[in-house]
Amino acid sequence: MSQPLFVYGTLMDGDMRRAVLGRETALFRAEAPGFRTVFFPGRVYPALIATEGASAVGFLLDGLTSGDFDALDRYEEDEYERRPIEVLEGTHRLLAQTYWPLASIPADSLPWMLEDWQRNHKVRALVEAFEVHSR
């Protein structure tokens, strides 16, 4: 059984998860202590950066298959790599995979908010995700 995946950005949106994976997955609220979610430089989507005292909110996706991870890797492209991170699900600490930015992210990067992305960028992102998934 594979580790769950901690998602902290666009994949927190149910429509985007279904567009990328072609189905819904088991989902649990979680957070990554010691990290915060900020804008990836020059992009409309987020990245995690280490920040003492912060905690990035997200979800754990469980029950993912190797095919799911292939689809997720295509979605995240070459700007991220999957790596383990310690997260909290309630009071339970566990290791999960997450997509970590490969670019250097400045410490003063602006916070990224799911609601802003949904309002301003979701429709275009869904069209692009469906195009990639249908290839």
Theoretical ellipticity at 222 nm over the chain - DSSP helices of four or more residues, -39500 (n - 2.57) apiece, nearest 500 | -8000 deg cm²/dmol
Given a cut-off of 20 Å, what percent of all Cα-Cα pairs of segment 1-64 lie beyond it?
-> 31
Where the convex hull is taken over the Cα atoms of segment 67-135, what is its projected area averaged over directions, in nm²?
-> 6.6
Binned Cα-Cα distance frequencies in the chain - 10 Å width, integer % = 12, 46, 36, 6, 0
Taking 0.36 nm per residue of separation and subtracting the Cα-Cα distance, what length does fully extending Arg18 through Glu115 add?
-> 33.1 nm
Could you work out which residue, out of Gly90, Gly58, Gly22, moves most in a Gaussian network model of the chain, that is, has the largest mean-square fluctuation with Cα springs under 10 Å?
-> Gly90
Starting at the first residue of segment 46-56, write each ³J(HN,Hα) from the Karplus equation 6.51 cos²θ - 1.76 cosθ + 1.60 with θ = phi - 60°, in whole Hz, x for Gly and Pro.
-> x, 9, 9, 9, 5, 8, 4, x, 8, 8, 7
Which cross-chain or sequence-distant (5 or more) residues have an amide H under 5 Å from the amide H of Tyr80, H modelled 1.01 Å from N in plane?
-> Leu102
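Bear in mind these aren't lab numbers, they're just calculated from the coordinates by the rules spelled out. Treat the numbers as computed from the prediction; the structure is a model and nothing was measured.
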